[in-house]
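Novice: So that we are looking at the same thing, I have put the structure below in structure tokens.
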Amino acid sequence: MATFLLSVHVLAAILLIGPVTIAASLFPRYARQALADGPERQSATGSVQLLHRICRVYAVAGISVPILGVGTAQVMGVMGSAWLIASMALTAVAAVLLGIAVLGTQDAVVTQLDRPERASTVTESLIARLPRLSMITGMFALVWLVVVVLMIVRPGSTTGT
């Protein structure tokens, strides 16, 4: 049972966390183009809406990854391990970064793009927030990198690898 749960957990992480990380990382670039006046504006607007939809859908589906992880940890008997507790705390940090900072800014950009007449002050304000969004999505990706390393290395593991 542990092998099955671990396999499903790893597959869910790859298939659900990977796409949301990439989509969130690409969003600021296309949002800059979509909010600016230029020839790429129309195609960038479609890209922004698609990337936002990917982030929202995969964020909800991604909830299954920590749920499967907890189930796997219980079956394997490692719930009290320091590496697992650290991974769970970092997963919570990643969820907050995605749920509040990333999706919140993305919502504001998409809402502004959906308005027929855009206020230039709001658009300028959103463009000014995009470098911060880039930084936050980078932190989101870095948190997941650390979680993956913790899951592979498992400090204190009895496997000897």
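Novice: Round to a whole number: what % of the accessible area of the chain belongs to carbon and sulfur, probe 1.4 Å?
Specialist: The nonpolar share, carbon plus sulfur, comes to 69 percent.
Novice: Tell me, what ³J(HN,Hα) does each residue in the stretch 50-58 have, in order and in whole Hz, if you take phi through Karplus 6.51 cos²θ - 1.76 cosθ + 1.60 with θ = phi - 60° and put x for Gly and Pro?
Specialist: These are the phi-based 3J(HN,Hα) values: 5, 4, 5, 5, 4, 4, 5, 5, 6 Hz.
Novice: Quick one: if you take sqrt(5λ) for each eigenvalue of the C-alpha gyration tensor of the stretch 31-95, what semi-axes come out, biggest first, whole angstrom?
Specialist: For the stretch 31-95, the semi-axes come out at 40, 12, 6 Å.
Novice: Could you give the semi-axes, largest first, of the ellipsoid that matches the stretch 22-161, computed as the square roots of 5 times the alpha carbon gyration tensor eigenvalues and rounded to whole Å?
Specialist: Equivalent ellipsoid of the stretch 22-161: 38, 13, 11 Å, largest first.
Novice: A further question on this structure: So between D107 and S125, what do we pick up on full extension, going 0.36 nm a residue minus the alpha carbon distance?
Specialist: Roughly 5.1 nm would be gained on extension.
Novice: Nearest 500 deg cm²/dmol is fine: what mean residue ellipticity at 222 nm does the chain get from its DSSP H runs of n ≥ 4 alone, each adding -39,500 (n - 2.57), divided by its residue count? Before the final figure, lay out each step's value.
Specialist: Values: 7 runs with 124 residues, N = 161.
Result for the chain: -26000 deg cm²/dmol, rounded to the nearest 500.
Novice: Two-decimal Rg/Rh of the stretch 89-148 from alpha-carbon positions, Kirkwood Rh?
Specialist: So for the stretch 89-148, dividing Rg by the Kirkwood Rh gives 1.10.
Novice: Tell me, what is the per residue accessible area of the chain in Å², probe radius 1.4 Å?
Specialist: 55 Å²
Novice: Mind listing the phi-derived Karplus ³J(HN,Hα) values for the stretch 132-147, rounded to whole Hz, using 6.51, -1.76 and 1.60 with θ = phi - 60°, and x for any glycine or proline?
Specialist: Once rounded to whole Hz, the list reads 5, 4, 4, 5, 5, 5, x, 5, 4, 5, 5, 4, 5, 4, 5, 4.
The values are calculated or read from the model by the stated rules, or taken from the named source; none is laboratory data. The structure displayed is predicted, hence computed values, not measured ones. Please note that ligands, DNA and RNA were not included when accessible areas were found on the heavy atoms of the full protein model with its side chains. Shrake-Rupley method; radii C 1.70, N 1.55, O 1.52, S 1.80 Å.
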